[in-house]
Amino acid sequence: MAGGTGGHVFPALALARLLRGQQLEVIWLGTASGLESRVIPAEGIPLERLSVGGLRGKGILAWVGAPIRLTLALIQALRVMWRYRPVVVVGLGGFVTGPGGLAAWLTRRPLLIHEQNAIAGFTNRILAHLARQVLEGFPGSFGRNIHSRVIGNPVRADISALPPPAARFAGRAGPVRILVIGGSQGAARLNAVVPFALKRLAGSLACDVRHQAGERWIDAGRASYAQAGVRADVRPFIEDMSEAYGWADLVICRAGALTVSELAAVGVGAILVPYPASVDDHQAYNAQYLVRAGAAVLIADRELTAERLAAELERLAAGRGKLLAMAERARLLARPRAADELAASCLEWARRAA
């Protein structure tokens, strides 16, 4: 079970691929509108869709109708359980995991949950009391009252397989390589500020820049670089993220759980600008995982200006030695076997249920 954004869908997809590689049948419980509705059918995985969505920021009518919609989603989830009779149900987040997890518990299917963020979401905080096993991407996301095990977040195999920082940095010379990513949808704030921060460094720091601006913001992003007079490779979406991560000396990005886990898996330093509207400010907590280790610098969104960003870039990127040190600290936090450990937990509970 996983739905909504890439932060939930891609770790779940990494798990699904591992399980299918062992000739096991996988059924995906998702929604008709989330990212999974496009990605999962293309993988050849059967997708069962629930009629469920979020309520935060919605009007009073949405809240009034919520009990009816949640009951409908629960009935749909129960039908899926009765139809397929899964030996294990695993939830990796998104609204779909609420009714799906409850249906698993009601039908006495072993329920496992995995929380990607450093602060557990509302649904997972509830399901943690019903689950047979609770797994975490970052330490302490559920607090002290829930017994859990930290395994990290599943990341793509090609990202985990990149050479260590010392091997990648060996022999590098010339402009500092900066990769700017705002998630698959881009980040308007980064698009607006980064070009003018780089403009301030034009006389003191040579930079080679790749910037994922997002399909929605691509024109505005390119216009910002043109206005700043800064040359950059600005794209709506970077298809080969492992190559981009391997190329970079430093990354400027938001602090989604999957992004933070990928930075650690690769071993690359970062300037993190947590998305200020993230639920429970979880991106700021995610960022601290790298910041506390000296692998990243955090700039709050409200403090992100061209002046502040330029100062941080000049301090960090004056020599590659400091960037290499950050990269090596990040790599020490990597958990490259997260997907394998999650798959092993699924198989263990399947054996117990057999």
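The values are calculated or read from the model by the stated rules, or taken from the named source; none is laboratory data. Since the structure is predicted, the reported quantities are computational estimates derived from the model, not experimental observations. Ideal geometry is used to build each Cβ from the backbone, glycine not excepted, and the neighbour counts take in all protein chains shown.
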Condition check for ALA344: assigned to a helix (DSSP H, G or I), touching a Pro at 6+ places or on another chain (Cβ under 8 Å) and on the phi < 0 side of the Ramachandran plot: no
Hey, GLY137 modelled with pLDDT of 95 or more and either touching a helix residue (DSSP H, G or I) at 6+ places or on another chain (Cβ under 6 Å) or among the hydrophobic types (A, V, I, L, M, F, W, C) (or both) or not: yes
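Being of a type outside the set (S, T, N, Q) and touching a His at 6+ places or on another chain (Cβ under 9 Å) narrows it down to one of ALA157, ALA118, ALA170, ALA166, so name that one. Talk me through it step by step, then tell me what you get.
Working: ALA157 fails: touching a His at 6+ places or on another chain (Cβ under 9 Å); ALA170 fails: touching a His at 6+ places or on another chain (Cβ under 9 Å); ALA166 fails: touching a His at 6+ places or on another chain (Cβ under 9 Å).
Going through ALA157, ALA118, ALA170, ALA166 in turn, the sole match is ALA118.
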Go through segment 237-277 and give me each residue that's over 12 Å from the mean Cα position of the chain (by Cα), under 17 Å from GLY121 (Cα atoms) and either part of a helix (DSSP H, G or I) or without any contact (Cβ under 8 Å) to a residue 12 or more places away in the chain (or both). ALA277
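So which residues in segment 97-156 are within 19 Å of LEU258 (Cα to Cα) and among the hydroxyl-bearing types (Ser, Thr, Tyr), if there are any at all? Write out each step before concluding.
At the first step, the residues of segment 97-156 found to be within 19 Å of LEU258 (Cα to Cα) are 97, 113-124, 134-142, 149-156.
Residues satisfying the conditions are THR97, THR123, SER141.
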Would you pick out the residues in segment 149-165 that are more than 30 Å from LEU198 (Cα to Cα) and crowded, with 22+ Cβ neighbours inside 10 Å? GLY152, ASN153, PRO154, VAL155
What are the residue pairs meeting all of these: first residue in segment 310-324, first residue closer than 20 Å to ALA228 by Cβ and in the same structural domain as ILE252 (by the TED database), second residue polar (S, T, N, Q) and at pLDDT below 95, Cβ atoms under 7 Å, and 6 or more apart or on different chains? GLU314/SER204
Considering only residues that are closer than 22 Å to GLU312 by Cα and either surrounded by fewer than 22 Cβ atoms within 10 Å (Cβ to Cβ) or among the charged types (D, E, K, R) (or both), which ones fall in segment 228-245? ALA228, GLY229, VAL230, ARG231, ASP233, ALA244
Taking ARG168 as meeting all but one of (1) surrounded by fewer than 21 Cβ atoms within 10 Å (Cβ to Cβ); (2) touching an Asp or Glu at 6+ places or on another chain (Cβ under 7 Å), write down the number of the exception. (2)
Among the residues of segment 173-193, is there at least one that is in a loop (DSSP other than H, G, I, E, B), farther than 24 Å from TYR245 by Cβ and either over 16 Å from the mean Cα position of the chain (by Cα) or in the same structural domain as THR107 (by the TED database) (or both)? no
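Can you confirm whether segment 97-111 contains a residue that is closer than 30 Å to ARG235 by Cα and of a type outside the set (A, V, I, L, M)? Give the steps one after another, and end with the answer.
Narrowing segment 97-111 to residues closer than 30 Å to ARG235 by Cα: none.
Checked segment 97-111: no residue is closer than 30 Å to ARG235 by Cα and of a type outside the set (A, V, I, L, M).
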Residue satisfying all of: in segment 140-156; among the β-branched types (Val, Ile, Thr) and in a loop (DSSP other than H, G, I, E, B); modelled with the highest pLDDT among these: ILE151
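Kindly indicate whether PHE169 is of a type in the set (Phe, Trp, Tyr), modelled with pLDDT of 95 or more and in the same structural domain as PHE237 (by the TED database).
Numbers: of a type in the set (Phe, Trp, Tyr): yes; modelled with pLDDT of 95 or more: yes; in the same structural domain as PHE237 (by the TED database): yes.
Here the answer is yes, as PHE169 does meet what is asked.
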Given segment 20-121, what helices (runs of 4 or more DSSP H) lie entirely inside it while holding 3 or more residues that are surrounded by fewer than 19 Cβ atoms within 10 Å (Cβ to Cβ) and either at pLDDT below 95 or of a type in the set (Phe, Trp, Tyr) (or both)? 36-42, 60-84
